[in-house]
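Asker: Structure in structure tokens, see below.
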Amino acid sequence: MRIASTIARFLLAFIFILFGLNGFLHFLPQPPPPSELAGQYFAVMFKSHYLMFVFALQLISGVLFLFRRTVPVALTIAGPLLVNILLFHLLMDPHGIVPGLVATALWFVIFWQFRAAFYGIFFPGAAGLSR
């Protein structure tokens, strides 16, 4: 399982770094939005510069996935990004959901190996933090 987690970690790092950098450098062609609603969504996100923040978070989490010590922080940052990706595809572009599901599956493989770092969140008494 440790080997699978390491492979998943580097794959997810690659995905987040690639798409984070693409948000700034535009080296991958982007197809037009699949629907009018998705087009409006991206127009608002782009004009408000919110996408720059999202791309920066993708890039940061991708880099953090490269270092074993910072993986719990990377998981914490990447989780909400993946939720947003999945919700966008569920609500506006169901046909493009497969890459988001793959990235989410990779996230869970990594999370399983580093789950002990999150025990204090899920089981407050287990970490010796109970009052």
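The values are calculated or read from the model by the stated rules, or taken from the named source; none is laboratory data. Source: prediction; values computed, not measured. Neighbour counts are summed over all protein chains in view; Cβ atoms, including those assigned to glycine, are modelled from backbone coordinates with ideal geometry.
Asker: Quick one: F14 ticks every box in (1) exposed (fewer than 15 other Cβ atoms within 10 Å of the Cβ); (2) touching a helix residue (DSSP H, G or I) at 6+ places or on another chain (Cβ under 7 Å); (3) touching a residue at least 24 places away in the same chain (Cβ under 8 Å) except a single one, so which number is it?
Answerer: (2)
Asker: Separate question: Any residue in segment 46-54 that is in contact (Cβ under 8 Å) with a residue 40 or more places away in the chain and part of a helix (DSSP H, G or I)? I'd like the intermediate steps shown before the answer.
Answerer: Filtering segment 46-54 down to residues in contact (Cβ under 8 Å) with a residue 40 or more places away in the chain leaves none.
Checked against the condition, which is being in contact (Cβ under 8 Å) with a residue 40 or more places away in the chain and part of a helix (DSSP H, G or I), segment 46-54 yields no hits at all.
Asker: Then there is this: If you take the residues of segment 36-56 that are among the small types (G, A, S) and surrounded by 12 or more Cβ atoms within 10 Å (Cβ to Cβ), which of them is nearest to G96 (Cα to Cα)? If you could, list the steps in order and put the result at the bottom.
Answerer: First, pick out the residues of segment 36-56 that are among the small types (G, A, S): 38-39, 43, 48, 56.
Still in the running and surrounded by 12 or more Cβ atoms within 10 Å (Cβ to Cβ): 38-39, 56.
Values: A38: 12, G39: 15, A56: 22 Å.
Filtering segment 36-56 for residues that are among the small types (G, A, S) and surrounded by 12 or more Cβ atoms within 10 Å (Cβ to Cβ), the one nearest to G96 (Cα to Cα) comes out as A38.
Asker: Tell me, which residue of segment 59-96 that is at pLDDT 95 or above and not in a helix (DSSP H, G or I) is farthest from G23 (Cα to Cα)?
Answerer: F67
Asker: Right, something else. Quick one: would you say F111 is in contact with a helix residue (DSSP H, G or I) (Cβ under 6 Å, 6 or more places away or on another chain) and aromatic (F, W, Y)? Let's see the steps before the verdict.
Answerer: Details: in contact with a helix residue (DSSP H, G or I) (Cβ under 6 Å, 6 or more places away or on another chain): yes; aromatic (F, W, Y): yes.
Judged against the criteria, F111 is a match.
Asker: Related question: Pick from segment 71-93 the residues that are exposed (fewer than 14 other Cβ atoms within 10 Å of the Cβ) and without any contact (Cβ under 8 Å) to a residue 24 or more places away in the chain: which of them is farthest from A105 (Cα to Cα)?
Answerer: Among those that are exposed (fewer than 14 other Cβ atoms within 10 Å of the Cβ) and without any contact (Cβ under 8 Å) to a residue 24 or more places away in the chain, it is L91.
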